[in-house]
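Notes follow the structure.
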Amino acid sequence: MAKAAPKKSAKSGSAKSGSVKPGSVKPGKAVAPVKKPAAVKAPVMSKDELRVQLEKALKTIATLRAKSREAVRAAKVSAAQIAELETKLAQLEKKLASQVKPAKSAKASDKTMKPRGRKTAVIADGDAPVEAADVAPEAGAPAGDDA
């Protein structure tokens, strides 16, 4: 087996080491290498301070849980009220629809019950011969005979 060749860390002026490529910076200005910020240590707290913080966090958690329970109860009550109102709305819409339909059908029946005029009746009875009631009988024929 062949061993992998060791990698060269600096091939041609690596940018990691803070060096700058020639021609990228104007002459006369020096570029400072980027420094890593020092690690910030957390302040050392005593056991008593930690206990106080823990108690405070536990109280906050208990308060939030109580508020959450109240919010869930309120949401359930609201959902029940919404369902009840939707039921009432459906009933009222059904009642309104049943009241509107007879009014329209009554108007339609009034239109069909109206007496028709003579011309309308003649047009409606297209196959029947046209006879007018106001036409005077012929002079030679008796008034009551059609034969």
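All of the numbers you see were taken from the coordinates with simple rules; none came from a lab. Quantities reported herein were computed from a predicted structural model and do not represent experimental measurements. A quick note on method: Cβ atoms are made from the backbone with ideal geometry, for glycine too, and the neighbour counts reach across all protein chains shown.
Here are the numbers for the structure shown:
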quantity	calculated
Dipole magnitude (debye, nearest 20) for the stretch 48-109, charges at Cβ of Lys, Arg, Asp, Glu	480
For the stretch 48-109: lysine pairs under 16 Å (alpha-carbon distance), excluding those fewer than 8 apart on one chain	4
Förster-model FRET efficiency, 41 Å R0, E70 and E49, C-beta, rounded to 0.05	0.80
Net charge of neighbours whose Cβ lies under 11 Å from the Cβ of L58, counting Lys and Arg as +1 and Asp and Glu as -1	+3
